[in-house]
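Structure first, then comments.
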Amino acid sequence: MIFDTHTHIYLPEFEEDCNLVIERAKEAGVTIMMLPNVDVETISPLKKVLESNADCCVAAMGLHPTSVAEDYKARLDEIFRELENGEYKAVGEVGVDLYWDKTFRAEQLEVFAEQLRWAATKSLPVIIHNREAIDDTIAVLRQNPIERFVMHSFGGSPNDVKRVREVGDAYFGINGVATFKNARLEDTIKEIGLDRLVVETDAPYLSPVPYRGKRNEPAYIVNTVYKIAEVLSVSKEEVEKATFDNACRLFSL
Ligand SMILES: [Zn+2]
């Protein structure tokens, strides 16, 4: 049994064949998938997939950092209303992304902090997106402490793992990037260790080798599981069980 802790199968990329994608995921051993929200516009497609696949899908509600612009207050209000009314297992995905654009850095930090406070009030875990912003991410977490969180698509150094651990009970999401030749995530995976690792696809993005460059989907997660097993010199079954149990603990399932 595999838990895909981060997948966006409600996005337009899956509009045509979402049901087939879910079928293939189940055939590959993926029994549960976490769907993190991105923006106001994605709430409705996310809910549609969630409602018709309640046997294998759970969801998180949040405003993604790359969706933060001038009108962020109105967007945050709508996201908060949905979080209040829906059955969400986490706040996410939220965080800081300075890779694409630094224009709204101050607003991104404010939006991230606000959503961390929601999580603290509701005792929910948080799915954190960070790209080229590890210092900002840690600073905001330090000022707005939360119980548990996952650093999704984690690509940091072993030292970054240590720094993140200082600000809370941190889990680390590893995806197809670990299978890339130049990724060099081996030492990072070893530093995290089996008790705080979770696996994810981040579909439709970041397909693992041998699907690199193609649309990603949850069934491909097995290639990431194989890679982690190889790095930690344990069996594939051990990685599946540990990452599944970790994800259930993270999301209180
Ligand atoms: Zn994502």
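Select from segment 83-125 the residues that are in a loop (DSSP other than H, G, I, E, B) and among the polar types (S, T, N, Q) and list them in ascending order.
Correct list: Thr103, Ser123.
Looking at (1) touching a helix residue (DSSP H, G or I) at 6+ places or on another chain (Cβ under 9 Å); (2) crowded, with 19+ Cβ neighbours inside 10 Å, which one does Ala119 not meet, given that it meets all the others?
Only one criterion in (1) touching a helix residue (DSSP H, G or I) at 6+ places or on another chain (Cβ under 9 Å); (2) crowded, with 19+ Cβ neighbours inside 10 Å is unmet by Ala119, namely (1).
Mind counting the residues in segment 75-90 that are of a type in the set (A, V, I, L, M) and closer than 17 Å to Thr7 by Cβ?
The qualifying residues number 1.
Being surrounded by fewer than 17 Cβ atoms within 10 Å (Cβ to Cβ), in contact (Cβ under 8 Å) with a residue 24 or more places away in the chain and within 16 Å of the ligand (Cβ to nearest atom): is that true of Arg105 here?
When the stated conditions are applied, Arg105 does not pass them.
Yes or no, residue by residue, for (1) within 15 Å of the ligand (Cβ to nearest atom); (2) over 26 Å from Glu110 (Cβ atoms); (3) in contact (Cβ under 8 Å) with a residue 12 or more places away in the chain:
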{"position": "Asp4", "(1), (2), (3)": "yes, yes, yes"}
{"position": "Ile9", "(1), (2), (3)": "yes, yes, yes"}
{"position": "Cys18", "(1), (2), (3)": "no, yes, yes"}
{"position": "Ile22", "(1), (2), (3)": "no, yes, yes"}
{"position": "Leu35", "(1), (2), (3)": "yes, no, yes"}
{"position": "Val40", "(1), (2), (3)": "no, no, yes"}
{"position": "Ala54", "(1), (2), (3)": "no, yes, no"}
{"position": "Ala59", "(1), (2), (3)": "yes, no, yes"}
{"position": "His64", "(1), (2), (3)": "yes, no, yes"}
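Quick one: Phe149 ticks every box in (1) touching a Ser or Thr at 6+ places or on another chain (Cβ under 8 Å); (2) within 16 Å of the ligand (Cβ to nearest atom); (3) not in a loop (DSSP other than H, G, I, E, B) bar one, so which box is it?
Phe149 satisfies every listed condition except (1).
Could you list, in sequence order, all residues of segment 190-211 that are more than 22 Å from Asn246 (Cα to Cα), away from the ligand (no atom under 16 Å from the Cβ) and touching a helix residue (DSSP H, G or I) at 6+ places or on another chain (Cβ under 7 Å)?
Val209, Tyr211 - these are the residues of segment 190-211 that are more than 22 Å from Asn246 (Cα to Cα), away from the ligand (no atom under 16 Å from the Cβ) and touching a helix residue (DSSP H, G or I) at 6+ places or on another chain (Cβ under 7 Å).
Go through segment 177-216 and report how many residues are under 14 Å from the mean Cα position of the chain (by Cα) and closer than 15 Å to Arg24 by Cβ.
Residues flagged as under 14 Å from the mean Cα position of the chain (by Cα) and closer than 15 Å to Arg24 by Cβ within segment 177-216 amount to 3.
Readers should treat all values here as calculations from the given coordinates under stated rules, not as data from a laboratory. Nothing here was measured: the structure is a model prediction, and the numbers come from that model. We place every Cβ from the backbone using ideal geometry, glycine too, and count neighbours over all the protein chains shown.
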